[in-house]
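Accompanying notes for the structure given below.
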Amino acid sequence: MRFTTERRIGDGVLEREFTLGEIPGILWTPAAASAPVPLILLGHPPLGLHKMYPRLAARAQQAAADGFAAATIELPGSGVRPRWAAAEQARADLKRVMEAGEPVRAEIIDALVLPLVDKAVPEWRAALDALLSLPEIGGPVGYAGGVISVGIRLAVVEPRIVAAGFFAGSLVPRVMFEEARQVTIPLHVLLQWDDEGNDRQAALDLFDAFGSQEKTLHANMGGHTGVPQFAGEDAAGFFVRHLR
């Protein structure tokens, strides 16, 4: 891991961009941490860190206010990383059927999501190795955000993650439902009831599949971009309970 930039944002939160090999990322740490702090990994859709930055930075500042570090990395094929022809074709196929009002077939979902999970999860784990080697970061570790299938795989294979907050989505391969049954850590799942791009019943079926004894579904009225402020506060409270 090599840090490339450093600045203060918000209430003195230290923001550092880094590279891990060829993978860009960002680390945020609280302004005044007297001991190694817990860490929240910030998941996001494959739209590029530059586009997602305002939302990621806001979530990171909330984490810092609660005494946590937060970090994210660029997903394969996104942002400044090399183009990934198969992923771009899968996204084009998805866009075409959704614009035509056609059902999204299972093979399109598999082609879109499964290769991303297979590539991204080892990179997240390598980033976690590097982050936990820093003296200012300890444990435990949480994961928050999407892509939900990436979060599911991480929750299954990464024992250092002790709690996860997911954004419900319906573009989930059927094989991921089997992996969801292996998830046992506490979960906080946010569902926008009227999300125009989300099959509500599929999201509910996935929540039902999770094997965790402690899992909470927070469903709010409104579309994809209508998440109420208190929903974020509830998610922050979930991590305070499990990471402190």
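The values are calculated or read from the model by the stated rules, or taken from the named source; none is laboratory data. Keep in mind that this is a model prediction, so the values were computed, not measured. Neighbour counts are summed over all protein chains in view; Cβ atoms, including those assigned to glycine, are modelled from backbone coordinates with ideal geometry.
A single member of ALA168, ALA163, ALA155, ALA144 is of a type in the set (Gly, Ala, Ser) and either over 21 Å from HIS44 (Cβ atoms) or touching a His at 6+ places or on another chain (Cβ under 7 Å) (or both), and it is ALA163.
Quick grid of which residues meet (1) free of Cβ contacts under 8 Å to residues at least 12 places away in the same chain; (2) buried (at least 22 other Cβ atoms within 10 Å of the Cβ); (3) assigned to a loop (DSSP other than H, G, I, E, B); (4) not aromatic (Phe, Trp, Tyr):
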site: GLU17; (1), (2), (3), (4): no, no, no, yes
site: LEU27; (1), (2), (3), (4): no, yes, no, yes
site: LEU47; (1), (2), (3), (4): no, no, yes, yes
site: LEU56; (1), (2), (3), (4): no, no, no, yes
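Here the condition is being in contact with a strand residue (DSSP E or B) (Cβ under 7 Å, 6 or more places away or on another chain) and at pLDDT below 95; of LEU154, LEU191, it holds for LEU191 alone.
Per-residue answers, yes or no, for (1) surrounded by fewer than 22 Cβ atoms within 10 Å (Cβ to Cβ); (2) under 18 Å from the mean Cα position of the chain (by Cα); (3) touching a residue at least 60 places away in the same chain (Cβ under 8 Å):
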{"residue": "PRO135", "(1), (2), (3)": "yes, no, yes"}
{"residue": "GLY146", "(1), (2), (3)": "yes, yes, yes"}
{"residue": "SER149", "(1), (2), (3)": "no, yes, no"}
{"residue": "ALA155", "(1), (2), (3)": "no, yes, no"}
{"residue": "GLN192", "(1), (2), (3)": "no, yes, no"}
{"residue": "PHE210", "(1), (2), (3)": "no, yes, no"}
{"residue": "THR216", "(1), (2), (3)": "yes, yes, no"}
{"residue": "GLY237", "(1), (2), (3)": "yes, yes, no"}
{"residue": "ARG244", "(1), (2), (3)": "yes, no, yes"}
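Checked against (1) more than 14 Å from GLY79 (Cα to Cα); (2) exposed (fewer than 14 other Cβ atoms within 10 Å of the Cβ), PRO36 passes all but condition (2).
For the stretch 72-88, indicate whether the set of residues that are in contact (Cβ under 8 Å) with a residue 12 or more places away in the chain and in a helix (DSSP H, G or I) is non-empty. Checking the stretch 72-88: at least one residue is in contact (Cβ under 8 Å) with a residue 12 or more places away in the chain and in a helix (DSSP H, G or I). Of the helices (runs of 4 or more DSSP H) lying entirely inside the stretch 97-215, those containing at least 1 residues that are closer than 18 Å to PRO76 by Cα and touching a helix residue (DSSP H, G or I) at 6+ places or on another chain (Cβ under 7 Å) span 106-132, 148-157. Candidates PHE239, PHE177, PHE210: the one that is at pLDDT 90 or above, under 26 Å from GLU102 (Cα atoms) and aromatic (Phe, Trp, Tyr) is PHE177. Residues in the stretch 170-190 that are more than 18 Å from the chain's Cα centre (by Cα) and among the β-branched types (Val, Ile, Thr): VAL175 only. For the stretch 137-158, the set of residues classified as more than 24 Å from GLY237 (Cβ to Cβ) and not hydrophobic (A, V, I, L, M, F, W, C) consists of SER149, ARG153, listed by residue number.
One residue stands out among those in the stretch 120-133 that are surrounded by fewer than 16 Cβ atoms within 10 Å (Cβ to Cβ) and over 27 Å from ALA203 (Cβ atoms): the one that is nearest to the chain's Cα centre (by Cα), which is ALA126. Scanning the stretch 95-119 for residues that are out of contact with any Pro (no Cβ under 9 Å at 6 or more places or on another chain), touching a residue at least 40 places away in the same chain (Cβ under 8 Å) and surrounded by fewer than 16 Cβ atoms within 10 Å (Cβ to Cβ) gives a single hit, MET98.
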